[in-house]
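Take a look at the structure below.
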Amino acid sequence: MKKAVKSKKPSSRLPIEEFEYIEDFGRIIREARERMGLTQEDLSRQLNEKVTIIRKIEAGEFNPPIELARKIEKLLKIKIIVPVEEEFEDISKYIEKGEAVKGVSLGFFIKKMEEKDVKKQ
């Protein structure tokens, strides 16, 4: 199961980016580390992190902060975080039978999406 993480870019004007950790990211990190001939201690020194953090990450017990995840990716030449894919809603349920798609305005669709978001809260 992927876990979503929010990361704010440095400028407050930019939108928040969401990332997910790929499935089994801990195993992928361990395998990449071992392929490079590094111990957990070696990796922790190169990342300037405690070895206990590396152990927990590899065991899947701890999700590293985005900055650390990116350092791990760069050092081990792997990919463990990916942007969250937005889910698009099927608008056909808002279209009455026999009504053409052009009958659904953007405003109508946005209103329905906002109503859906309010219900979730």
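Here are a few things to note about the model shown:
- Sole exception among (1) loosely packed, with under 15 Cβ neighbours inside 10 Å; (2) in contact with a helix residue (DSSP H, G or I) (Cβ under 6 Å, 6 or more places away or on another chain); (3) at pLDDT 95 or above for residue 7, by number: (3)
- Flag if residue 67 is part of a helix (DSSP H, G or I) and surrounded by fewer than 16 Cβ atoms within 10 Å (Cβ to Cβ): yes
- Comparison of 89, 20 shows that the only residue that is modelled with pLDDT under 95, touching a helix residue (DSSP H, G or I) at 6+ places or on another chain (Cβ under 8 Å) and either surrounded by 15 or more Cβ atoms within 10 Å (Cβ to Cβ) or in a loop (DSSP other than H, G, I, E, B) (or both) is 89.
Residue by residue, here is whether (1) under 15 Å from residue 22 (Cα atoms); (2) modelled with pLDDT of 65 or more holds:
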position: 65; (1), (2): yes, yes
position: 70; (1), (2): yes, yes
position: 75; (1), (2): no, yes
position: 78; (1), (2): yes, yes
position: 81; (1), (2): yes, yes
position: 99; (1), (2): no, no
position: 114; (1), (2): no, yes
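- Within the range 26-63, tally of residues that are surrounded by 16 or more Cβ atoms within 10 Å (Cβ to Cβ), within 19 Å of the chain's Cα centre (by Cα) and either modelled with pLDDT of 95 or more or of a type in the set (D, E, K, R) (or both): 5
The values are calculated or read from the model by the stated rules, or taken from the named source; none is laboratory data. Computed from a predicted structure; not experimentally measured. Positions of Cβ are backbone-derived with ideal geometry, glycine not excepted, and every protein chain shown enters the neighbour counts.
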